[in-house]
Amino acid sequence: MPDPTVTDLKKRLLDAGFEVYRTLGNQVVLADRVRDNLIMDSGVRVEGDADRYVVSIVFRAQAADFPGETEDELWARARSAVGPAEQLGFSETSTAAHPILDPGDRTRVLDTWYEVVLSGPVPDADLVDLLNSAVSMAKTADR
């Protein structure tokens, strides 16, 4: 059973008009709807309770979008998208390279996502406005 604070946070976000993609431990992952029938992870996560919230935003560069580029160039591309989040006071907290495996052949890598996570504390009064801004940010490096 999820922690009651996660359940309360999820209810608050739903009441504010957000769609929830899933919960991961104590984080609520917001959804983005690219078409009416397609829902996906927005790259925006929130955790906490009424005393303190932390919002995280995941920015990525997909290697398949930039053939021939080095890992360093791909990390730079992922970081090229973070400007709007930095302007809101977020800072880099982690990075990860995620191989995307072929579902029919788990030994075959289809792509690799280079992800940079920015996080920051958010006061309760600013939570909904900031989450609206975060969900609307472009979070994938431009080709």
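A short reminder: the numbers here are calculations on the coordinates, not readings from a lab. These numbers were taken from a predicted model, which means no experiment stands behind them. Glycine gets a Cβ as well: all are built from the backbone with ideal geometry, and neighbour counts include every protein chain shown.
Tilt of helix 127-136 relative to the longest C-alpha principal axis of the chain, in degrees (0 to 90, nearest 10)? For 127-136 against the chain, the angle is about 20 degrees. Each Cα pair under 8 Å and six or more residues apart adds its sequence gap; the mean of these over the residue count of the chain is a relative contact order of 24 percent. Sequence-distant contacts, meaning Cα pairs under 8 Å at least 6 residues apart, place the relative contact order of the range 7-87 at 17 percent. Translational diffusion coefficient, Stokes-Einstein: compute it for the chain using the Kirkwood radius over C-alpha pairs as Rh, at 10 °C and 1.306 mPa s, and state it as an integer in µm² s⁻¹. In µm²/s, the coefficient is 98. Here the range 10-82 and the range 125-143 have alpha carbon centers that stand 9 Å from each other.
Between the beta carbons of residue 72 and residue 142, assuming R0 = 30 Å, the FRET efficiency works out to 0.95 to the nearest 0.05. Taking other C-beta atoms within 10 angstrom as a stand-in for reagent exposure, 94, 56 fall in the order 94, 56, fewest first. Comparing 130, 101, 13 in a Gaussian network model of the chain where C-alpha atoms under 10 Å apart are linked, the largest mean-square fluctuation is found at 101.
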